[in-house]
Each structure stands twice: as C-alpha cells, then as structure tokens.
Amino acid sequence: MNQLNFKGNWREVAGKLKQRYANLTDDDLSFVEGKEEQLLGRLLKKIGTTKEKIRDLISKW
C-alpha cells in the first residue's frame, strides 16, 4: 500500500493524532499529496512504531 487512506478531512485526522501523541507538531503532521512516505517517516521517528501500524491507525479515522 503506497497511499494513505483516511476517512474525512486530514485536519481532523491530524488533530486526533496530536491528541493521542502530544509530542507531534504541526510540521510533523504536514501532509502533501504524493509525499506520503515523508509523512510516515516523520511519524515513525516521533511515535516509534511501524509504518503499517501508523497506516492502520490513520485509516481508522
């Protein structure tokens, strides 16, 4: 899976991630279409989990 799939608006998803992981910044959560791997890399460093778990988490919302 190369693309992130999320329901609704990215701002809502980003807000939920910030609530769950207080160490995430707006820069960490900046999303540019076509740059999903960069976003996943930033989240991977901050959250400390696997890319698949991050994708699963994002796809729930």
Which pairs do you get when a residue that is at pLDDT 90 or above, found in segment 1-28, comes within reach of a residue that is among the charged types (D, E, K, R), reach meaning Cβ atoms under 6 angstrom, with the pair 6+ apart or on two chains? ASN23/LYS46; LEU24/LYS18; LEU24/LYS46; ASP28/ARG42; ASP28/LYS46
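Going by the conditions given, is ARG11 over 9 Å from the mean Cα position of the chain (by Cα) and farther than 10 Å from TRP61 by Cβ? Even if it seems obvious, please write down each step before you answer.
Numbers: over 9 Å from the mean Cα position of the chain (by Cα): yes; farther than 10 Å from TRP61 by Cβ: yes.
For ARG11, the condition - over 9 Å from the mean Cα position of the chain (by Cα) and farther than 10 Å from TRP61 by Cβ - is met.
The values are calculated or read from the model by the stated rules, or taken from the named source; none is laboratory data. Since the model is a prediction, treat every value here as computed from it, not as a measurement. We place every Cβ from the backbone using ideal geometry, glycine too, and count neighbours over all the protein chains shown.
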